[in-house]
Structure formats: C-alpha cells, structure tokens
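The values are calculated or read from the model by the stated rules, or taken from the named source; none is laboratory data. Fair warning: this is a prediction, and the values are worked out from it, not measured in the lab. Cβ sites come from the backbone with ideal geometry, for glycine too, and all protein chains shown count toward neighbours. Note: accessible area is taken over every heavy atom of the protein model, side chains too, but ligands, DNA and RNA are not part of it. Shrake-Rupley method; radii C 1.70, N 1.55, O 1.52, S 1.80 Å.
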Amino acid sequence: GAVGPVAALGVGLIPSTPTRVTYGPVEAFGATADFTGDMAVGTLQALQRIPQKVPALWHAITGGERDVDTPISVVGASRLGGEAVENNAWLVFFMLFVSLNFFIGVFNLLPLLPLDGGHIAISWFERVRSWIYARVGRRDPGRVDYLKLMPFTYAVILIGGVFTLLTITADVVNPITLFSR
C-alpha cells in the first residue's frame, strides 16, 4: 500500500492507518518500488516543511498543543516506538523504524557540510572543474580547501544543534502520543 497521511512521525511518513497488504512474488517488486517512491516524495516534502514547523515546536514547548506533524527527535521516536510496542502495534513500530531510517538516509545526502551530501557535492564540483580546466588547457586547480568552508560548516552544525535541542525539549515537555491513554 501507499504511504498515507501524516500521523505521528513529524517527518510525515507514517500512515495514519497502516494496513497489512499481501503481495505475490512478482507484484512485490512493483509494490516495493511504489512504496519507496512514496517514501521519497514524503521525505522531500517533510524536509521542505521543517523550517515552517519551528514556530509550532516553540508553541508546543511554551504550553500550546503539540501538532502531530511537528518534527521529533530520537527521544520522541523512541517514545513512539515504545508506545507502539506497548500497544502491540507492530506494524506502526515497523513503519516508524523504516520511515525514520529512510528520512535520515535522505537527510544525510543533502548537499551541506558536514553531511555526506556536502562531501559528495564538493567531489562532483572538483571533478567538473578539473574537466573544464582540462578542456580549456589550464592546469588543474586541485582540491577544494575545506578550511575555507569551515564557517559554513559551523553554521550548519549550530543550526542543527539548536534544532535538535528544540525537538528534544518538545519531545520531553510535550510529547506526541499515538494512542490515547
């Protein structure tokens, strides 16, 4: 089945009513490709929504109601996983695990240092630049000086750290819950 509307993982990848669907060996290939494509689209949409969710996180920390579509930290994901297991909702637990790992993998490919995507982007830049220089008959300029990129890297780390503290605080002060108590 397809990934449904947002329910509990603030990256928007858990179906609100996950259902078990059985596929034959041949149909499973197409269903897997469809599901992976849906997760990729959901992940990219979730990444785009993160900046606009910061005020909602702050609102949740300062006493407002927690929107289930706000990002969560590892603390929140652990709480949700434990809640799913406690309520014998193994499909929800599995979907949480899969979607969170998929999100982290895609996030890591963003072209920002110190993420892997930033290193990949620099490698591609070096390769293209070397190719262009070779075509115009100039000497290869060599490798990119990472020290010159350190201020940008520190800015990304600082923003990521602040965002992590914000999500952890929201998950401790006003956690998202899957099941009513």
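Summary of computed values
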read-out: P(r) of the range 36-181 over all Cα-Cα pairs, binned every 10 Å from zero, in whole percent; value: 10, 29, 30, 16, 9, 5, 1, 0
read-out: Length added when fully stretched, Phe94-Asp38, from 0.36 nm per residue minus Cα-Cα; value: 18.5 nm
read-out: Within a Gaussian network of the chain (alpha carbon springs, distance under 10 Å), most fluctuating of Gly81, Gly137, Gly118; value: Gly137
read-out: Residues Val162 and Val74, FRET efficiency given R0 of 25 Å [Cβ-Cβ distance, rounded to 0.05]; value: 0.95
read-out: Sequence-separation-based contact order of the chain, relative, with Cα cut under 8 Å and 6+ spacing, percent; value: 27 percent
read-out: Nearest-10 value in Å² for the accessible area of Val128, using the 1.4 Å probe; value: 80 Å²
read-out: Furthest towards positive pole of dipole, Trp131, Pro51, Leu158, structure part the chain, Cβ charges; value: Trp131
read-out: Largest-first ordering by accessible area, 1.4 Å probe, given options Lys148, Lys53; value: Lys148, Lys53
read-out: Added length on full extension, which subtracts the Cα-Cα distance from 0.36 nm per residue, Ile120 to Thr22; value: 31.5 nm
read-out: Accessible area of Phe94 in the full protein assembly, 1.4 Å probe (Å², nearest 10); value: 110 Å²
read-out: Estimated distance in nm for a label pair at Ser180 and Ala134, the labels positioned 7 Å out from Cα along Cα-to-Cβ; value: 6.6 nm
